[in-house]
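To start, the structure under review is shown below, and the notes come after it.
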Amino acid sequence: MPRSWALPRKISIWASRPRSGAHSLEYCMSISTVIRDVLGFADTAREVRRILHEGRALVDGRVVRDARRGVGLMDVLTLGEEHYRCVLDKNGKLRYQQIPPDDAEWKVCRIEGKSTIKGGKTQLNLHDGRNILVDDADEFSTGDSLKIQLPDQAILSHLPFEEGSQAYLIGGSHVATIAHIKEHIVKRSTMPNEVLFDEFGTIARHVFIVGDDTPLPKAEVAQ
């Protein structure tokens, strides 16, 4: 299993692999693993299947019945009356931190790419596997983020990747740090683009724009 999974490696023998689709393996865990091994809502896989069959588990506001459905970065997991958001801790481990009901009504998604489809509309490809259609292709760029409403995924706000924007780091030695972008250096070569902050720098793919008005739960540092 990836090092981002916060599971004991010398105790657990089997770990459920999330189904391919929404998130990369590094940034998600299967919902059965989260319910049983991380949050402790069940003791066995059978109990997990019962919770899912009864429709008591939701991801991003939609009922999930597939035990291998991945719950990944920035996703909102709802179990009964409790809500959790997937974030990273200072060691790069996935954590599912409890959030208030109001925060469970939205999530932030990073734009990984965009394409033009039939009819001239622009399709935005987001980090969690979802696609959103927009009319203005020039308004959005790869690396920007969208704050969307759940579960209908209406766009609440557009968070551009630019100097002064607040970013959440999802990789590198400063993972889980929240800071404001000082400079974005675009390389005219095969080298990755760089982003500079006040006291350090990183590569662009580790930068996730979240905006100043986006509260994120604080993940505990793994011991």
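Show the residue pairs that are 6+ apart or on different chains and have beta-carbon atoms under 6 Å apart, the first residue being within the stretch 60-74 and loosely packed, with under 14 Cβ neighbours inside 10 Å, the second being not small (Gly, Ala, Ser).
Final answer for the pair search is Arg62/Pro151; Arg65/Leu52.
Just checking, does the stretch 21-44 include any residue being over 17 Å from Val76 (Cα atoms), free of Cβ contacts under 8 Å to residues at least 12 places away in the same chain and surrounded by 14 or more Cβ atoms within 10 Å (Cβ to Cβ)?
The answer is yes, given that some residue of the stretch 21-44 is over 17 Å from Val76 (Cα atoms), free of Cβ contacts under 8 Å to residues at least 12 places away in the same chain and surrounded by 14 or more Cβ atoms within 10 Å (Cβ to Cβ).
More than 21 Å from Asp89 (Cβ to Cβ), without any contact (Cβ under 8 Å) to a residue 60 or more places away in the chain and in a helix (DSSP H, G or I) - does that describe any residue in the stretch 139-159?
Yes, the conditions are met somewhere in the stretch 139-159.
Could you tell me whether the stretch 112-125 includes any residue that is outside the structural domain of Ile31 (by TED's automatic domain parsing), surrounded by fewer than 21 Cβ atoms within 10 Å (Cβ to Cβ), among the acidic types (Asp, Glu) and free of Cβ contacts under 8 Å to residues at least 40 places away in the same chain?
We begin by selecting, within the stretch 112-125, every residue outside the structural domain of Ile31 (by TED's automatic domain parsing); these are 112-125.
So of that shortlist, the ones also surrounded by fewer than 21 Cβ atoms within 10 Å (Cβ to Cβ) come out as 112-123, 125.
With among the acidic types (Asp, Glu) added as a condition, the list becomes 112.
Filter again for free of Cβ contacts under 8 Å to residues at least 40 places away in the same chain, leaving 112.
Within the stretch 112-125 (the criterion being outside the structural domain of Ile31 (by TED's automatic domain parsing), surrounded by fewer than 21 Cβ atoms within 10 Å (Cβ to Cβ), among the acidic types (Asp, Glu) and free of Cβ contacts under 8 Å to residues at least 40 places away in the same chain), the answer is yes, since at least one residue qualifies.
Looking at the stretch 174-193, is at least one residue touching a residue at least 24 places away in the same chain (Cβ under 8 Å), surrounded by fewer than 15 Cβ atoms within 10 Å (Cβ to Cβ) and not in a strand (DSSP E or B)?
Checked against the condition, which is being touching a residue at least 24 places away in the same chain (Cβ under 8 Å), surrounded by fewer than 15 Cβ atoms within 10 Å (Cβ to Cβ) and not in a strand (DSSP E or B), the stretch 174-193 yields no hits at all.
Got a sec? Which of Pro18, Pro8 is farther than 17 Å from Met74 by Cβ, part of a loop (DSSP other than H, G, I, E, B) and free of Cβ contacts under 8 Å to residues at least 60 places away in the same chain? Show your work before the answer.
Values: Pro18 fails: farther than 17 Å from Met74 by Cβ.
The conditions single out Pro8.
Using the structure shown, decide if Ser20 is of a type in the set (Gly, Ala, Ser) and under 23 Å from Ala176 (Cα atoms).
Working: of a type in the set (Gly, Ala, Ser): yes; under 23 Å from Ala176 (Cα atoms): no.
No; evaluated as a whole, the condition is false for this residue.
Does Gly129 satisfy the criteria of being part of a loop (DSSP other than H, G, I, E, B), at pLDDT below 95 and closer than 17 Å to Pro18 by Cβ?
Values: part of a loop (DSSP other than H, G, I, E, B): yes; at pLDDT below 95: yes; closer than 17 Å to Pro18 by Cβ: yes.
The answer is yes for Gly129.
Could you tell me whether any residue of the stretch 103-120 is at pLDDT 90 or above, closer than 30 Å to Thr33 by Cβ and among the small types (Gly, Ala, Ser)? Spell out the reasoning first.
Restricting attention to the stretch 103-120, the residues satisfying the condition of being at pLDDT 90 or above are 103-114.
If we keep only those that are closer than 30 Å to Thr33 by Cβ as well, we get 103-113.
The next check asks that each one be among the small types (Gly, Ala, Ser); those that pass are 104, 113.
Yes: one or more hits.
The values are calculated or read from the model by the stated rules, or taken from the named source; none is laboratory data. Note that the structure is predicted; figures quoted are calculated from it, not measured. Because the Cβ atoms are built from the backbone with ideal geometry, glycine has one as well, and the counts that use them run over all protein chains shown.
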